[in-house]
1. Within segment 419-433, whose backbone N sits under 11 Å from a point 7 Å along Cα→Cβ of Arg107?
2. Along the Cα→Cβ direction, 7 angstrom out, place labels at Thr189 and Lys431. What is the inter-label distance in nm?
3. Please identify the GluC sites (Glu not before Pro) of segment 309-414 that satisfy two criteria: DSSP loop assignment and at most 12 other Cβ atoms within 10 Å. Which are they?
4. At a Förster radius of 45 Å, what calculated FRET efficiency corresponds to the Cβ-Cβ distance of Asn338 and Arg242, to the nearest 0.05?
5. Tell me which of Phe312, Ser348, Ala79 sits at the most positive position along the dipole axis of the chain, charges placed on C-beta atoms (Lys, Arg +1; Asp, Glu -1).
6. Based only on other Cβ atoms within 10 Å, what is the fewest-to-most ordering of Asp233, Asp342, Asp202?
7. Could you grab the relative contact order for the chain? Cα pairs under 8 Å, six or more apart, rounded to a whole percent.
8. Spin-label point model (7 Å from Cα, Cβ direction): what's the Asn319 to Arg32 distance in nm?
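What follows draws every value from the coordinates through simple rules; no lab data is involved. Just so it is clear, the structure is predicted and the values come from calculations on it, not from any experiment. Here the Cβ positions follow ideal geometry from the backbone for every residue, glycine too, while neighbour counts run over all protein chains shown.
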Amino acid sequence: MSQFSGYIAVLLALILLVGCEKQPDSLEHAQRMIELGNYEEAIRSLERTVELDEQNSEAYYLLGFCYQKVDRHDAALLALRQAFKLNPSARNQVALGQAYQSLGMDRRALEQFLAVLQGANTEAWIPAIAEATGDAHFVRQLTHNDVDDYEPTFAPDGSQIAITSFRVQNAELYLLDLDGRVRSRVTYTDDKNEGSPAFAPDNEWILCETVSNENREAGLVLQASGSTMTDDDLEAVHIYGREVQPAFPGESKGGKPDVSPDGMRVAFQSVRDGNLEIYVAERASGEITRLTHHPRDDGTPAFSPDGTQVAFVSSRSGNYELYTVSVGGGALNRLTHNDFGDYNPVFSPDGRSIAYVSEADGDIEIYQLFLETGRIKRLTKDIGASVQPSFSPDGRYLAFASDRSNFFQIYLMDLTRFPTNEELIQRIMSKLE
């Protein structure tokens, strides 16, 4: 061999060696980009990786994950098929099922999930399969009536739930225990409907809005429109003595009241200045602060657990999105950026997440947004609409209303409990029949 040929051989060996050494670094780079949310850069890195190593199942899995994040669902399916072919693990099969589901291939998706559940060591994959195939956690129905029960709100001590119900000729407020038994009826009026209950921290007063009793059933209004809404009376009702008083002194009119954790303030929506805006009133003095200023609708306020922020819905971006603002006013913090409507925000007791209603998947379901990471988890998935989430004070339960059983009824989700493996198999089998 000539000296030149020997040099070329050594050079080629070095190139191959460097290429082999670069491959793990490329995968690590992609993982860092994924952690930073830079999915396009991760895709470029992963595509180079699979060009060099067509047997790298981990790269194909991550590539499928990133394609999903940028809505390249056909490419995601191809990548995840290859990942599963190279490594038929439960993780890769769950991801493949999710890819089928993103493309509307529901039966193929269910078959993948079922195969995982029928395998060994499936416990780790129950949360993902539960979320993909129905309610993410164990749910039980609290009310069973041929009339509408809706707007559940937990009491501050967690022992009972206030609801609005049409079980008499008009909408009234009732108290339920956590088994669905009616503890007591709170309001007694024939000429108006009471709704939107919100407990004061003392567990003895409920704030609500009152409207005319022309309607005889719950109307699914995710967010009132400033062009059609009229301000209703905001009242405080004692849960035992039937005593009724204005929610605060002065012009106590508006809708969707929420009481601050210390009981000193009431947030509400109102058209008092010509369009739908968010206000906060001092319960003692009636002094009112306007929090939002925009010609588009702002509504359904909810206090944060520390009372410093108010979450609300606004259509200022062209469709309904979630925002927060300080109780003293100021700059807004936009939480969602979507092409579909998001509604009904409510903070979790620890302040780290918000449950809300969204039309994200073409249906009306409840989701949970984790504020620190931006991760979104779908909590409900069933026929009909699921709306009006309310956390229990300890964060264990989420009450909500759904018309999955014809009429709106009250349901309770246990956020600490997932469906069992057997329950999920039965759920999937019933969908495959």
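1. The answer is 432-433, whose backbone nitrogens lie closer than 11 Å to the label point.
2. 4.3
3. Glu372
4. 0.55
5. Going by the charge dipole, the pick is Ala79.
6. Details: Asp233 18, Asp342 25, Asp202 11.
So the residues, fewest neighbours to most, are Asp202, Asp233, Asp342.
7. 12
8. Placing both labels 7 Å beyond Cα along the Cβ direction yields 3.6 nm.
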